[in-house]
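Working notes, structure below.
Values in this text are rule-based calculations from the coordinates and carry no lab data. Note that this is a predicted model, so its numbers are computed, not measured. Note that we place each Cβ from the backbone using ideal geometry, even for glycine, and neighbour counts take in every protein chain shown.
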Amino acid sequence: MNSNYNLKIGDGEAQPRSGLYIIPTPIGNLRDITLRAIDILASANIVACEDTRITRRLLDAYNLRPRMIAYHEHNASRQRPRILEKLGSGNIVCLVCDSGTPLISDPGYKLVQAATQAGYYVTVLPGASAVLTGILASGLPTDRFLFAGFPPPRAHARKRFFTEFVTCPTSLIFFESPKRLATSIEDMWNVFGDRPAAVARELTKRFEEIKKSSLSGLAEEFKNKSALKGEIVVIIGPPLEKIVTDIQVDRALIAKLKKTGVKEASLAVSKALGLSRRSLYQRALELKKRELEET
């Protein structure tokens, strides 16, 4: 990186006004920072960041030397009054996160809320976002989407969490950790049915990987991959447009139950109709029980 980067304040402004600046940082490739972000960081009195070591690498790449303080979920309540005090003294304070746009899955919104209520100038710079980059790369519908953050780590809570979004008529975006990706996608398949989906990993980095398939295909793809690394975005397409009646579901299940067991029948119908495998499994159990009672 060129350490002799020529810093200039944009729009003829000699110095940014005091206040809180929300500044997105690259999600992988350091060159994805904006020129305006560099301008503001060069003028900052304080940069509040999740991890000073990570932010230092970015600042060093552009020969920037503002004072840094840590601001994250574990110390946010203690640091907010101190940051507000700095704003009250006329300082330029920048809020950044380790990667991407602050306030997305981090405690930054409370600082923005407090600064706004106190009457300080608050502004947001546009920039990198794993949410937007992920859905654009997925090839799934982008006209409407919902970002739901990280699912709960435990299986029961995770399934209950996914159930909240089953009827949402939009694409869905989740963050997930590498170690839970396989089980999380399996749960998505059970809850949402076999919708089209994509897994975007290491976006903008050298080993960027984007897998596009159905949830069942992705479940198979990542089933035995335990050594994954990096940031992961999972995108699920909206509910399939085909309208399937209860009678059609029962007919499909009954036909499969004549040839195979409950688990296999519910799996096959889930793939064919794009419906929740878990709900189909319960219905298949009911149909099987009814069949046994009638014989």
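Miscellaneous remarks
- The stretch 246-294, relative contact order [Cα under 8 Å, separation at least 6], %: 35
- Among beta bridges that DSSP assigns inside the chain, antiparallel share in %, nearest 5: 50
- Longest segment of the chain lacking GluC sites (Glu not before Pro) that sit in a DSSP loop with at most 14 other Cβ atoms within 10 Å: 74-163
- Volume of the Cα convex hull of the chain, divided per residue and given in Å³: 156
- Applying the criteria of a DSSP loop state and at most 11 other Cβ atoms within 10 Å to the chymotrypsin sites (Phe, Trp or Tyr not before Pro) of the stretch 187-295 yields 207.
- Across the stretch 130-236, C-alpha contacts under 8 Å between residues 6 or more apart give a mean separation that, scaled by the residue count, equals a relative contact order of 34 percent.
- Length-normalised contact order for the chain - Cα pairs under 8 Å, 6+ apart - percent: 16
- Over 26 Å apart at the Cα level, from the set 159/263; 211/271; 225/288; 256/289; 179/205, are 225/288.
- For the chain, the longest site-free run once trypsin sites (Lys or Arg not before Pro) in DSSP loop states with at most 12 other Cβ atoms within 10 Å are removed: 18-143
- Förster radius 41 Å - calculated FRET efficiency between residue 240 and residue 110, Cβ distance, rounded to 0.05: 0.60
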